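Working notes, structure below.
Coordinate-derived values only; no laboratory data. Note that this is a predicted model, so its numbers are computed, not measured. For neighbour counting, all protein chains shown are included, and Cβ atoms are generated from backbone atoms with ideal geometry for every residue, glycine included.
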Amino acid sequence: MATVLQLHGPNLNLLGSRETSIYGQHTMASIDRSVENLLQASAHKFICYQSNHEGDLVDRIQQASQQSVDFIIINPAAYTHTSVAIRDALLAVSIPFIEVHLSNPLEREAFRHTSYFSDIAHTVISGHGAESYTLAAKAAIEYLD
Ligand code: DQA
């Protein structure tokens with residue numbers, strides 16, 4: 001049994017009401033439930049966390065190594081395009097991770113084209129709405145099994 005941590009960055013707590021034409025109608029809670037169901041069906045443990053604060057996300061990643069987290073699914077949201085601190089935390093704990101986005105940042109404004117995570121991620125899944133997360137869960141299960 002492996003443990004998978006799903007991390008959501010800023011404003012993802014507003015999914016379901018936030019810019020629904022871009023991010024869709026699914027809430028963060030419903031996304032977490034779908035991922036949890038997939039992981040539990042494969043006998044893996046699921047934990048999740050959302051924060052609007054960069055330092056909180058860094059703290060949670062640091063804790064993950066003490067909690068024997070085996071894999072991380074992370075949507076860094078706006079921090080994708082800015083956060084050396086979250087990148088360094090992921091490198092420090094050396095836990096494999098998938099970078100997830102609901103939208104496809106590469107089809108959007110130029111400032112979203114830079115990711116501080118893609119080059120160190122196991123893989124990047126973007127542009128599938130809420131399904132980006134379930135695809136990431138399936139890829140995580142494949143990696144862990
Ligand atoms: C996002 C894309 C980011 O550019 C944006 O800042 C978000 C959400 C996505 O899931 O599509 O907050 O990560």
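Key figures
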item	result
The listed residue being β-branched (Val, Ile, Thr) and farther than 24 Å from GLU142 by Cα, out of VAL84, VAL100	VAL84
Counted residues, the range 119-142 - those being aliphatic (A, V, I, L, M) and farther than 14 Å from ILE72 by Cα	1
Candidates ALA43, ALA89 - the one that is on the phi > 0 side of the Ramachandran plot, among the aliphatic types (A, V, I, L, M) and away from the ligand (no atom under 16 Å from the Cβ)	ALA43
Members of the range 103-139 that are within 18 Å of LEU38 (Cα to Cα) and within 11 Å of the ligand (Cβ to nearest atom)	ILE125, HIS128, GLY129, ALA130, SER132, TYR133
Residue among SER51, SER103 that alone is within 18 Å of THR134 (Cβ to Cβ), of a type in the set (Ser, Thr, Tyr) and under 15 Å from the mean Cα position of the chain (by Cα)	SER103
Single residue of the range 67-85 satisfying the filter (touching a helix residue (DSSP H, G or I) at 6+ places or on another chain (Cβ under 9 Å) and closer than 23 Å to LEU144 by Cα) that is farthest from the ligand (Cβ to nearest atom)	ASP70
